[in-house]
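One structure is given here, and the rest of the page talks about it.
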Amino acid sequence: MAKSQEKNAMLTKRWRKLLMGILFLLTLLVTGCWDRKEIENRGYVLGLAIDHVVSPEPKGLYDLNETPQSAGQRKYKLTLEMPKFSKSSETKEVSKGQSHLIWSGEGESMFAINRMIATKTYFAPFFEDIQILIFSEAVAREGVGDIVDFFLRDAEMRRRVKIFVTPGRAEDILKAKLQVEEANSTFISKLTANTAKAPYFAGKAELAQFSQAIRSNRSFAVPIVVVEDKEVRLIKGAIFNKYCKMVGEIGELEILGGKILRKTLKEGIVVVPNPANPQHIATFEIYEKKIKVDSHIQDDQVLFTVEAVLIGNLGENMAHEQDAVDPVFTKTVEKAVAAEVTRSIKAAFSKQQQLKADVTDLGGLVHRQHPEYWKNVKDRWDEEVFPMAQLDVDIKISIRRPVITH
Amino acid sequence: MMGWDLMTNHNTTISPMQFFVIAVNSMFGSSLLTLPSDLARIAKEDMWMPMLFGSILIFVAFWVAVKLSAYFPDVTVIDYHVLLVGRIPGFILNVLMILLMMVIVGIFERNFTIAVKTYLLDLTPPQVINIFTLGLAIYAIQYGLAPLLRLQQFLFAPEYGAFLTIILLGVLSIDANNYQPMLAEGITPVLQGMIPTWFTYTGPEILIGFLFPFINPKKGVLKWGIFSISVTACIYVMITLIVQGILGPTETTNTIVPTMMAYRYIEIPDTFIERLDGYLMTIWIVISFTSLINWLYFIAFGIGQMLKLESSRPIVVLIIPFIYYLLYVPPNAYAIQIITQWVNFASLFWGLGITPLLLALAWLKAKRKMPC
Amino acid sequence: MKKNNSSNLNCPDDNTIAKLRELKSSIAHARQVESDMEAITRSLKERSMDPGIYQLTDSLDTNVAHLEEIFADSNDIHIRELFIMPLKRKAVIVFVESMTDQAIINGHIMQKLSMPPTTVLSNPIPQPTYEYLKNTLLTAASVTAAYEMDAATKRVLSGDTALFVDGLSTVLIIATRKVDSRAVSDPQVESDITGPRDGFTEELRVNITLVRRRIKNPNLVVKRVTIGQRSETDVGIIYFRGIVNMKLVQEVEQRLKDLNIDDPNVSGMKGLLTDHPFSPFPTILTTERPDKFTAALLMGKVGIIVDGTPYCLIIPAMFSDFFQANDDYSENWLIGTLTRISRYINAFLGLSFPALYVAIISFHPAFLPTPLALLIGTTREGLPFPTFIETLIMVIILEIMQEAGIRLPKNVGSAVSIVGGLVIGDAAVRAGLVSPPIVIVTSFTAIASFTIVHHNMGLPLRLLRFMLMILGASFGMFGVTMGLLAIAVHLATLESFGEPYLATLAPRNFAALRDVKATAIILPPNTMDKRPAYLETEDSLRQNNDKE
């Protein structure tokens, strides 16, 4: 009797374990996987464009772009670009410009517009791979600090998204039909990689700059992108002050100087009138640089000194009767180039002072070199102290050789 | 009482090198994810210094704990508390210590769940993550110290190898400007910053009390313990330096989980190295798990010893509901911050306040016993 | 009965048909009863015979009667009478005709007993009968005595010849075993590039020969035991006296003695000897290669050879033993280390690659760089199945093909690769059922899992692959990581005959890191002079290092 009781007890113990195990497994199957979403069902947002709404009235019969939000007006238009997944064997015949999809929504809350777009397409927007973010100039001049809060707060977004400003409508950039097959956003974002070779636009500006601007009161510059006739181009730079408002532009030729002030110049060319024959030009190509930017405090005033040695080649000599190796000639070219570079630097500096926005991070330099002084002035740097600062420039150019021929 | 071990029949002794593994594993918890933000707030550009000097505090606490245990080489901390101060105060001390450990585990696990949810699985209910982790922990702890140790040794090289590889990839994105100016405000913020780092380093000074009787030979304990703290300090300082270099002090202050944010930021164009935070989080799961099982094992062991049980196996399952309950006590992020600060102070007080007192008491008692 | 008046004898009416039918069924029933009765009588007659109940007597006739009862229904066991000339007594030899060497029986037994050479006849030396027979008359090499009928019948069934002499209650057993067995050939499953090519066969003696010719040391002990209640299989326990820890040997012997099975070949001794029958991981190593066997013996392990199987067991087996091949030592140590580390990585990949794929594609596409994510997204566009089902299908097909490849006869074997590769992989992709990446993932997984040296370690990987895939499909990377951790925890708790499974990878202190040197990686030959610490061997130096 005892043995069978024992046996019974053992059986139920084993059955209990088995039952627990089965229950556990069943919970797995029944409740499902909360986060599972197949890779082709995600809407990879590659580019985002923010414009003002042209007119807040409903458009079309059903007003597809309207965002339901319980507070806020219909202020901004958000446009998303997503790549179109189609089997590779078919894309050869499909005409170009069909490789992306555009969705838009209008409202004030970026989050709400985003979610509204999920009612238009079953692949809900997925921001992990976003490449660019474009603002129209109108929106930029109004101030974008509050708009980008959603982008900074969301865990999915990347801080490395590249920012651009465009003088016209931002959605046109995304909708444009370009010559290449890639999505516009990817193309434009890769374009910024050339900032080293061609310092004619303000380099890479990333979402992180917005965050820094809001928190540590720094101004920054953002490249301007324009599109026309199936071509896209990056030009100039838009200057944003520490309130994330666009206050002006910096020209292409001044960007070289700005990069020197920031010490981020990599390569670049300077075109000067050719001393041998002023009707023609000569070009200097920079390939090595030694830049030193210092700040000095004198009587509560800041003096910046820039000392740079730029070493390069004579890239182009359009007066070919002139022997390019001739040292006298070289010296005059060097002088001309130095003058041009100095001009560029001074122009960049004064432009910033004029706009009351320190985009070349000279304030950071002061902070690093004179922390005590910086503590006093950092709240009024952009408005008061920086516009009063002086600049001393000393550029030395050295032309090594005219590449391979005389 | 020597060689008492849970759940296995033969006496287990461990070597100082194995203690090193346990100590390193228990120090690495999930607190490192959020710590740089506190440090940046206090010390700004010098945020790596408090991390480095905070280890000195732990050195001191560890040394004190080892010396105290050396007075009682055959018993664990549960027993020598009673031996030193009497039954009732000793019992109270033990209970406090176990409670402290449980709250530490609760905070670790909560932070871990939040990090996993934010960076890996967004919509999964946190209960699932907890049940999984705690369930696996029960399985791991049941069989005693030896399998636990083997698991940690087995995983040590691949786990930390992968971890260090990912961490070091962060060096590629740092901006040297973020490190200057150094010591602009003087040494005070650095000293102030050392206090919140205690929570990241806590581990060996409590665990040595439990493990001391089992370590054989006892000669190398201090050496290997200090070595473990230094290794951990190196890795922590490296992470802090990299986070500081990538984000800069102001950003770090304003991000809730700066470590993940920094690793998200790394991008080397035209290569596949993008968004390292996912990989980091995956390795972090392994690291957090090994840390968790260490703490849980010693909690169960401590309770078992307090109740004078032959084997602590049932305790392991019984404490899990407590821990699970503790996990859901704080309702939001702010509450977690407050609790973390409290726990920080409590364990600081324990390590640098109560333990030296006990050491002094033991020294006095020993002196009295010796003939003049 | 006389109902029909118009009864036509040629045309059977219903009644007759019914009766015929009845008759037929009665006949069938009777036949069945007859066969049943026959079965019952036979089972009563041919009952299980325990030879132990018979006692050996002096009288030959009694013995022969008993023998005939024991070997009643087998026609291949011969009981042959003969007359021993020098003793002038009757005798009987019993042997199995298919298992004995007729030459020895004819030449050394029959001839010598019936017609002994004249030298023997002319010099009769007074001896007890048994000794006389053994030392003088019989010229066979091995003659032993049996005192029980039980033992005698066992020897007869092993191929020896039993000699019963009238007036002698001892039975002489002459070794005449000659069994056809496979020639020593290449090991079928394990192959090395530079290792020796002989593999174990089914015959116990041949296997012991292969071991002894490599270690010519009297300390190599071969203990024979018989296991299996009905099969009485010979099993050899082999160990190196002086190196091995005797506790281990005792444990092995004890467990073998406690085995309660009919036939060790079929029941799978491994499963019964192992510490953890519920764990998928093998804790006993089976090998077909004598060089591996002897290397293990010299390290201080115990080996078991079973008659009738070419697979021999090595006890205890650690996790890292399954990743060792002798090739590693024949090449340069750097290459060996790389190969060995790559085996671990391959095992890891073979285990978790499908799960990682499912987790990343379904849950975290953020893990992939953007161009790769978009590419995979493009290839998956329009597929009918979600990733998990797709992966599950491919892995199940992989399992089926692996199993089919083993079972198919050789001449159809090539069809499997054609069918598998072309039809299933390529055509399925082209039809749009599965995406190309999953084919790559699956084939890579398969190839990675084939690099593991020992086949028995590949099996738990196949099982756990499914578990990890399910976890990955439910919880993403978190689930896969937890699954891998669970496997690690399980490995950490396994023990093989008292030694922890992960002993080689979890060294006790710095000095014990030499275990890792020997098993996980390889270092230059002159540093590997000590035996592994976990075995606690009696003699830890591998060779005598006195080089003075």
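The values are calculated or read from the model by the stated rules, or taken from the named source; none is laboratory data. Values in this document were obtained by computation on a predicted structure and should not be read as measured data. When we count neighbours, we look across all protein chains shown, and the Cβ atoms used for this are built from the backbone with ideal geometry, even at glycine. With ligands, DNA and RNA removed, areas are computed over all heavy atoms of the protein, side chains included. Shrake-Rupley method; radii C 1.70, N 1.55, O 1.52, S 1.80 Å.
Summary of values
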quantity	calculated
Å² of accessible area per residue within the stretch B:16-366, as computed with a 1.4 Å probe and no ligands counted	36
Distance between modelled label sites at B:Leu99 and A:Lys230, nm, 7 Å Cα→Cβ extension	7.7
Accessible surface buried upon C-A contact (total; probe 1.4 Å; Å², nearest 100)	1900
Farthest positive-ward along the protein assembly as shown dipole, Cα basis, beta-carbon charges - from B:Ala362, A:Pro199, C:Ala65	B:Ala362
Length-normalised contact order for the stretch C:107-185 - Cα pairs under 8 Å, 6+ apart - percent	26
Sequence of A:Phe123, A:Phe164 from largest to smallest accessible area, 1.4 Å probe	A:Phe123, A:Phe164
For the stretch C:112-174, alpha-carbon Rg relative to the globular expectation (2.2 N^0.38 Å, N residues)	1.16
Area of C:Ser25 that stays accessible when all protein chains are in place (1.4 Å probe, Å², to 10)	70
Helix C:387-407 vs. chain C, principal-axis angle (Cα, 0 to 90°, nearest 10)	30
Near-label residues of the stretch A:189-233 by backbone N, under 18 Å of a point 7 Å along Cα→Cβ of A:Ile281	A:197-201
Per-residue SASA entry for C:Leu398, accessible area with 1.4 Å probe, Å² rounded to 10	20
Chain C, relative contact order in percent, only Cα pairs under 8 angstrom and at least six apart counted	12
Rounded Å value of the spacing that divides the Cα centres of the stretch B:296-340 and the stretch A:100-178	46
Accessible carbon and sulfur surface of the stretch B:16-366 relative to its total accessible area, %, 1.4 Å	73
Rg to Rh quotient for the protein assembly as shown, alpha carbon positions, Kirkwood Rh	1.11
Cross-link pairs beyond the 27 Å C-alpha cut-off, checked among A:Lys75/A:Lys175; A:Lys292/A:Lys335; A:Lys175/A:Lys236; A:Lys204/A:Lys375; A:Lys236/A:Lys375	A:Lys204/A:Lys375; A:Lys236/A:Lys375
Dipole axis of the protein assembly as shown (+1 Lys, Arg; -1 Asp, Glu on Cβ), positive-most option in B:Thr250, A:Ile214, B:Leu151	B:Leu151
Acute angle (nearest 10 degrees) that the helix C:14-45 long axis makes with the longest principal axis of chain C, alpha-carbon atoms	80
Residues along the stretch A:360-385 losing 40 Å² or more of accessible surface when the other protein chains are present rather than the chain by itself (probe 1.4 Å)	A:His367, A:Arg368
Solvent accessible area, Å² - C:Asp101, 1.4 Å probe, full protein context	40
Cα-based helix-to-principal-axis angle, B:277-306 vs chain B, degrees rounded to 10	20
Residues of chain C: accessible area per residue with a 1.4 Å probe, Å²	50
Rounded FRET efficiency, nearest 0.05, which uses the C-beta distance separating C:Phe444 from C:Asp36 and R0 of 35 Å	0.05
Residues in the stretch C:354-369 that, when all protein chains are in place, have 20 Å² or more less accessible area than the chain alone would give (probe 1.4 Å)	C:Ile361, C:Ser362, C:Phe363, C:His364, C:Pro365, C:Ala366, C:Phe367, C:Pro369
Of all accessible heavy-atom area on the stretch A:255-401, the percent that carbon and sulfur account for (1.4 Å)	50
Charge-dipole axis of chain A as Lys and Arg at +1 and Asp and Glu at -1 on Cβ define it, positive-most pick from A:His370, A:Ala118, A:Thr405	A:Ala118
Hydrodynamic radius of the stretch B:16-366 per Kirkwood, over alpha carbon pairs, in Å	20.8
Distance in nm between pseudo-label sites at B:Tyr324 and C:Leu375 (7 Å out along the Cβ direction from Cα)	4.5
Span-like helix ranges in chain A, DSSP H, alpha carbon extent 24 angstrom or more, Kyte mean at least -0.5	A:2-31, A:327-355
Cubic angstrom per residue, convex hull over Cα atoms of the stretch A:255-401	99
Accessible area that becomes buried as B packs against C, both chains, 1.4 Å probe, Å², nearest 100	3000
Shielded residues, the stretch B:119-159 - accessible-area loss of 40 Å² or more between chain alone and all protein chains, probe 1.4 Å	B:Leu120, B:Leu121, B:Leu123, B:Phe132, B:Leu136, B:Tyr139, B:Arg150, B:Leu151, B:Gln153, B:Phe154
Eligible lysines near C:Lys247 by straight Cα distance, threshold 28 Å, same-chain separation 8 or greater	C:Lys216, C:Lys223, C:Lys257, C:Lys270, C:Lys292, C:Lys301, C:Lys517, C:Lys530
Interface size A-B, as summed buried accessible area [1.4 Å probe, Å², nearest 100]	2200
Per residue, in Å², the accessible surface of the stretch A:255-401 once ligands and nucleic acids are set aside, probe 1.4 Å	48
Rounded Å value of the spacing that divides the Cα centres of the stretch C:325-400 and the stretch C:220-288	38
Electrostatic dipole magnitude of the stretch A:39-250 [Cβ: Lys, Arg +1; Asp, Glu -1; Cα centre; debye, to 20]	600
Residue-by-residue Karplus 3J(HN,Hα) for the stretch C:203-212, coefficients 6.51, -1.76, 1.60, Hz, glycine and proline x	9, 4, 5, 4, 5, 5, 4, 4, 7, 5
Part-to-part distance (alpha-carbon centres) for the stretch C:415-487 and the stretch C:42-104, which is given in Å	60
Accessible area of the stretch C:258-395 belonging to carbon and sulfur atoms, whole % at 1.4 Å probe	70
Check: the stretch A:255-401 dipole with +1 on Lys, Arg Cβ and -1 on Asp, Glu Cβ, in debye	280
Label point distance in nm, C:Tyr147-A:Gln69, each placed 7 Å from Cα along Cα→Cβ	10.4
Heavy-atom SASA rank of B:Met97, B:Met306, A:Met318 (probe 1.4 Å, accessible area, largest first)	A:Met318, B:Met306, B:Met97
Calculated FRET value between C:Leu20 and C:Val416, using beta carbons and R₀ = 35 Å, to 0.05	0.05
Kirkwood hydrodynamic radius of chain A, from inverse mean 1/r over distinct Cα pairs, in Å	25.0
Anchor A:Lys59: aspartates and glutamates whose Cα lies under 14 Å away (excluding residues fewer than 8 positions away in-chain)	A:Glu106
